[in-house]
Amino acid sequence: MDVPVAHQFQSPDYQYNLNNPPWRKLLWVKQNYPDNYVDSTFLDELQKNVNVHTYDYWKMVYESGVITQHISSVVIFIAIFIYLQQYSLAASHLIWSGSLLTGVGYIFCDFVMTRRQHAFERKRVAKSAIFFFSTLLGLSPILKTLTSQTSDDTIWALTVCCFLANVLFHDYVSHSRAHVKIPGSLSTNAAIFASVLLASRLDTNLDVFGLLSFAVEWFALFPILRRYLQELSPKVQVTLTLLMLLISVAMFLRISKAIVCLYMLGFCFITFICPYWLIFIQKYKNEIHGPWDEARPRLQKSKRNLYRKRST
């Protein structure tokens, strides 16, 4: 009679004995089997690609709008800096336009999205904004001469590195309306530092103040508004993506048509090619799970957090 035995990595000195008790998958029990013995049931619990998520192409194309919107915002900001440097845009127009759009965006988020009715909080926000922009206006002469002893090539290289860090470390995760928060500090700080470097290459204090105030509104406040708009409707998200694309192309057509072509190619690559690429490489994924997986401990919450919950 054939006995169904399957033992991999078997010791050469081991001889199978029918009188031995059945092998059990227990390390703490002394058994008459070598340590590297496995039987025919060892792979019965094998599971492949349990946690693999199946992606929909058009849904991924839609979700890629979060990335292209942020890249477009960087392109628009660089175009505004070039316009200021070439005297094609007045700093006063930039200041008033940015302040007006920021006020409209705040009113939209306050009354339409969050629907808060706290007059005290609105007064605090207004006082904080006035204090911040007054301080920024006073620091503009210092920031204008901050990198006067640094060469232009160094400034351009640092600016490119900072904007790359801003794009790479930006928080692209979509939050629910109740958990929309300020973007990550690393990404925002990198963009503000790049803005300071660019502002130091402008000629007047008003230009410096205009560019930096717009940088705060554009890289710190505008991402919050984009997340609120993302929660409204997919049509709003698609419309905003196309609108920022058109603004970027229109602003850079006067600067460099080659950059416009590269930007359009990058936009199409991120929006249409990358989702297809991800779906294509999913078939090569081979993730296995089985009884050999290590145990995952469930750590209890710290006592400090428990005390906080009890106190609240």
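The values are calculated or read from the model by the stated rules, or taken from the named source; none is laboratory data. Note that the structure is predicted; figures quoted are calculated from it, not measured. Positions of Cβ are backbone-derived with ideal geometry, glycine not excepted, and every protein chain shown enters the neighbour counts. The area values use the complete protein model at the heavy-atom level, side chains included, leaving out ligands, DNA and RNA. Shrake-Rupley method; radii C 1.70, N 1.55, O 1.52, S 1.80 Å.
Look through PHE193, PHE252 and report the one residue that is open to solvent by 40 Å² or more (accessible area, probe 1.4 Å), at pLDDT 90 or above, out of contact with any Lys or Arg (no Cβ under 6 Å at 6 or more places or on another chain) and more than 27 Å from TRP58 (Cβ to Cβ). Walk me through how you get there before you give the answer.
Values: PHE252 fails: open to solvent by 40 Å² or more (accessible area, probe 1.4 Å).
Result of the check over PHE193, PHE252: PHE193.
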Test: residue in region 66-74 that is farther than 29 Å from ILE270 by Cα and buried (at least 19 other Cβ atoms within 10 Å of the Cβ): no
Complete set of residues in region 123-148 that are open to solvent by 70 Å² or more (accessible area, probe 1.4 Å) and either touching a Ser or Thr at 6+ places or on another chain (Cβ under 6 Å) or of a type outside the set (Ser, Thr, Tyr) (or both): LYS123, ARG124, LYS127, ILE130, PHE131, PHE132, LEU137, LEU139, ILE142, LEU146
